[in-house]
Amino acid sequence: MSEAIAREIARSHMQVSDEIAIQITQMNKWYGTFHVLRDINMTVNRGERIVICGPSGSGKSTLIRCINRLEEHQQGQIIVDGTELTSDLKNIDKVRSEVGMVFQHFNLFPHLTILENLTLAPIWVRKTPKKEADEVAMHYLGKVKIPEQAHKYPGQLSGGQQQRVAIARSLCMKPRIMLFDEPTSALDPEMIKEVLDTMIELAEEGMTMLCVTHEMGFAQAVANRVIFMDQGQIVEQNEPKEFFNNPQSDRTKLFLSQILGH
Amino acid sequence: MKATSDPFVRREMLAPAAPPITEAGAVKWMRENLFSSPLNVILTVLGIGAVVYLVSHIAPWMLRGVWNAGSLSECRQIIEARYGEGVTGACWALIRERWPQYLFGFYPSELYWRPVLAFVLMLVAIAPVLFDALPRKMLWFALVYPALGFWLLWGGSVWVPVMALAGFGVGYVAAKVVQPLAGTILASIAAVLAPVLWWLFAAGPVAAALESLIPIALQEVRSREFGGFILAFTIGFTGIAFSLPLGVLLALGRQSDMFIVNKLSVGFIEFIRGVPLITLLFTASLLLNYFLPPGTDFDIILRVIIMVVLFAAAYIAEVVRGGLAALPRGQYEAADALGLDYFKAQRLIIMPQALKISIPGIVSTFIGLFKDTTLVVFVGLLDPLKGITDAVRASTDWKGVYWEPYIFVGAIFFIICFSMSRYSMYLENKLKTDHR
Ligand SMILES: Nc1ncnc2c1ncn2[C@@H]1O[C@H](COP(=O)(O)OP(=O)(O)OP(=O)(O)O)[C@@H](O)[C@H]1O
Ligand SMILES: [Mg+2]
């Protein structure tokens, strides 16, 4: 109980500014002839924490992967931090260096040590001197509570540890926005908590976060807004309490009843 | 906290009792590995039988061998005198007398120090490439070595290899100049085009001019005088050094989304792999002359090396492509998401992993390449196996000798190929980081 109250208090400190971090207007995407994303409109303010949920195949991954251009959209506009995503490589690089991404399967680089995983992008993309990059990396490893693993290889870590390394790796680039694509769904139950705790801490520091997840507890604890997607559309979005207690559309109700196991 | 009477604590472990004899040492090992089942027993007996049969036939012949003799007939006399009428033995005296020819071909004997020095320096040059415990600064020597080795082997003006090296400097400068003006793609084109133009049109005259100003030259040795193992090494090692980077580029080309690059790579790889190496070598020795402007004297060894490089590169490209295909998509995505551009992602993330997976295939290709250097005999070069052996047997002293030279040459090839294979296993072990 007291934990929940502490969370509530922490949450009131999480500031959402008026500044727009991500603006998506009338965005459409096709895979070949398959229409995956339809007329997506969405604005994310700086400091906002958004959870995206929906049934499998509804296009959640595709949507957040469009935000750092791992997928290309065909219609409409995506503006990230004031930079519009077009085929212009300069813009793409700029956006990617400001947007961190955490994947379901971690995607750590298995041939590099944990420390090298963390310092690679700062050194080669940001041109940070190695010594400074090492310090930053150790700082973030401390934050995700595994500084002692710095010189191991990813294959020697547990899933939960690997995912925390992946989060730290993104943070080392000092991103202004973090994207999470089902960060806990490849993990054993006992490891889910350690990763969620890391994410909650990040949220409490005011990071702008977009998170695809089915962890409804997490959504209730930290999200400002929950977005429900189905068949490539944003069906409904609301502040978490309202979203869970008072869903509007039938599809949302059905989804929630399935996922919450009523 | 302390208990009134100290509890019993064992200070020394009891020595374990010896296991029963059937569970220990050699007996156990043999039972498990040689006689574990009826089939295993049969195979063990047959295998040992085969080895005994072979050794009992070959070893005495080799051991009866004679090292000191001036001709084959002298060898035979000595053996018959020693072991009796009709007994045969190896005539190693041939190798004792002719080994310089096997190593150097018809390279002028007063200049033997040059290939020897080139060989030693080659070992120095490849050492830092093979073993990363050595200081990284030594890699600079590895980069300069091709020009130095060339100069030592062929001689001539020092300015020719220096100007050849300068081509890379020209490429670097061109890229640096073009980059801010026209972007990365044009800069990469300039980085390739400028050196090629330099080598074709400027390097020769500039080298000649410098030579007349500051003459530094070694006595020239013509390619036709090369033979034996220096020929095999020159072709083999140059082939290995250049086919790997070319193969990697071809593999990337084959993966590329750019239509022309992709189709050219596929066409090249499939064409080269579809044609026997000998065809390429004949092309090198005969046809190339028709295509080149008349009067160009394009060295035969250089032509052969180019063909061998192209041939091996096509195979390596396919091996590397297999390595690339084995990498999960997530690796590319993570590299992209971190903001690494294509070249950095390839260099830092993709290639190190793909090459690691491909090590056995790449080394197999290298071993094949090295052994294939003996095929140059078909274009009139004196390879150690047939070229030199035929030359040796043409002398009256050694007419009729058969096995000994092949065993000798085979043994040297084996040592080198076996070392490569061992090195590849060492490397695989060293790079093993997945711990799964
Ligand atoms: N590369 C692709 N080519 C063609 N179709 C694809 C591709 N990637 C995804 N799809 C299809 O697009 C749809 C949306 O996929 P997406 O991965 O975004 O779903 P998701 O909501 O993330 O699902 P999940 O919860 O299972 O991860 C799916 O029907 C999928 O089959
Ligand atoms: Mg998904």
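None of the figures in this text is laboratory data; all of them are computed from the coordinates on show. Small disclaimer: the values here were computed from a predicted structure and weren't measured. Glycine gets a Cβ as well: all are built from the backbone with ideal geometry, and neighbour counts include every protein chain shown.
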Q: Give the cross-link partners of residue B:430 among the aspartates and glutamates, using a straight C-alpha distance below 20 Å as the criterion and excluding same-chain residues fewer than 8 apart.
A: A:116, B:132
Q.
I'd like to verify something in chain B: which complete DSSP H helices, judged by Cα projection on the helix axis, reach 30 Å or more and average at least 0.0 on the Kyte-Doolittle scale?
A. B:38-63, B:159-197, B:228-255, B:300-326, B:403-430
Q) Distance from the Cα centre of segment B:63-93 to that of segment A:168-187, in angstrom? A) 78 Å
Q: Have a look at chain B and give its Rg and Dmax from the Cα atoms, expressed in angstrom.
A: 29.0, 106
Q.
Taking every alpha carbon pair in segment A:79-154, what does the distance histogram look like in 5 angstrom bins from 0, in percent?
A. 3, 14, 19, 22, 19, 11, 8, 3, 0
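Under the rule a/c < 1.5 gives rounded, and otherwise a/b versus b/c splits prolate from oblate, where does chain A land using the Cα gyration tensor?
oblate
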Q.
Once R0 is set to 60 Å, what does the formula 1/(1 + (r/R0)^6) return for the Cβ-Cβ distance between residue B:291 and residue A:156, expressed as a FRET efficiency to the nearest 0.05?
A. 0.60
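Sort A:209, A:101, B:258 by Cβ crowding within 10 Å, fewest neighbours at the top.
Values: A:209 23, A:101 26, B:258 10.
Ordered by Cβ neighbours within 10 Å, fewest first: B:258, A:209, A:101.
Take B:431, B:148 and order them by how many other Cβ atoms sit within 10 Å, fewest up front.
B:431, B:148
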Q | Lone cysteines, the protein assembly as shown (no partner Cβ under 4.7 Å) | A | A:53, A:66, A:172, A:211, B:417
Q: Place the peptides A:247-255, B:99-107 in order of packing, highest mean first, counting for every residue the other Cβ atoms within 10 Å and averaging per peptide.
A: B:99-107, A:247-255
Q: Based on other C-beta atoms within 10 Å, arrange B:415, A:64 from fewest to most.
A: B:415, A:64
Q. Which residue fluctuates the most in chain B, going by a Gaussian network model with Cα springs under 10 Å, if the choices are B:376, B:120, B:308?
A. B:120
Q.
Students often get this wrong: which residues of segment B:236-264 have the backbone nitrogen under 20 Å from the point 7 angstrom along Cα-to-C-beta of residue B:192?
A. B:241-264
Q.
Quick check: pseudo-label points 7 Å beyond the Cα along Cα→Cβ at residue B:184 and residue B:255, how many nm apart are they?
A. 1.5 nm
Q) Given R₀ = 60 Å, FRET efficiency for residue B:77-residue A:77 by Cβ-Cβ distance, to 0.05? A) 0.05
Q) Can you give the helix-only mean residue ellipticity at 222 nm for chain A, where every DSSP H stretch with n ≥ 4 adds -39500 (n - 2.57) and the sum goes over all residues, rounded to the nearest 500 deg cm²/dmol? A) -12500 deg cm²/dmol
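Assuming 0.692 mPa s and 37 °C, estimate D for segment A:216-262 with Stokes-Einstein, Rh taken as the Kirkwood radius over Cα pairs, in µm²/s. Please list the in-between numbers first.
On the way: Rh = 10.8 Å.
Once the numbers are plugged in, D ends up at 304 µm²/s.
Give me the extension gain from residue B:85 to residue B:165: residue separation times 0.36 nm, minus the current Cα-Cα distance, reported in nm with one decimal.
Fully extending the segment from residue B:85 to residue B:165 adds 22.5 nm.
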Q. If each of residue B:15 and residue B:343 carries a label point 7 Å out from its Cα toward its Cβ, how far apart are those two points in nm?
A. 6.9 nm
Q: Rounded to whole Hz and in sequence order, give me ³J(HN,Hα) for segment A:16-22 from the Karplus expression 6.51 cos²θ - 1.76 cosθ + 1.60, θ = phi - 60°, writing x for Gly and Pro.
A: 10, 8, 7, 5, 8, 8, 9
Q) Anyone know which of B:394, B:18, B:317 comes out most mobile in the 10 Å Cα GNM of chain B? A) B:18
Q.
Using amide H atoms built in the peptide plane, which far-off residues or other-chain residues are under 5 Å from residue A:52 H to H?
A. A:211, A:212, A:213, A:227
Q: Have a look at segment B:30-83 and give its Rg and Dmax from the Cα atoms, expressed in angstrom.
A: 19.0, 55
Q) Between residue B:431 and residue B:142, what is the label-to-label distance in nm when each label sits 7 Å out along the Cα-to-Cβ direction? A) 1.2 nm
**Q.** Equivalent-ellipsoid semi-axes of segment B:156-218, from the Cα gyration tensor, Å, largest first
**A.** 28, 9, 8
**Q.** Top of B:327, B:14, B:186 by mean-square fluctuation, Gaussian network on chain B, Cα under 10 Å
**A.** B:14
(Q) Exceeding 23 Å between C-alpha atoms, which entries from my cross-link table qualify? They are A:94/A:145; A:131/B:344; B:263/B:371; A:60/A:145. (A) A:94/A:145; B:263/B:371; A:60/A:145
Q: List every residue whose amide H lies under 5 Å from the amide H of residue A:230, counting only residues 5 or more places away in sequence or on a different chain, with H placed 1.01 Å from N in the peptide plane.
A: A:235
Q. Given only helices, namely DSSP H runs of n ≥ 4 each adding -39500 (n - 2.57), what is the per-residue ellipticity at 222 nm of chain B, to the nearest 500 deg cm²/dmol?
A. -22000 deg cm²/dmol
Q: Please work out, to two decimal places, the log10 of the ratio I(q)/I(0) at q = 0.05, 0.10, 0.11 Å⁻¹ from a Debye calculation in which every Cα of the protein assembly as shown carries one identical scatterer.
A: -0.41, -1.09, -1.19
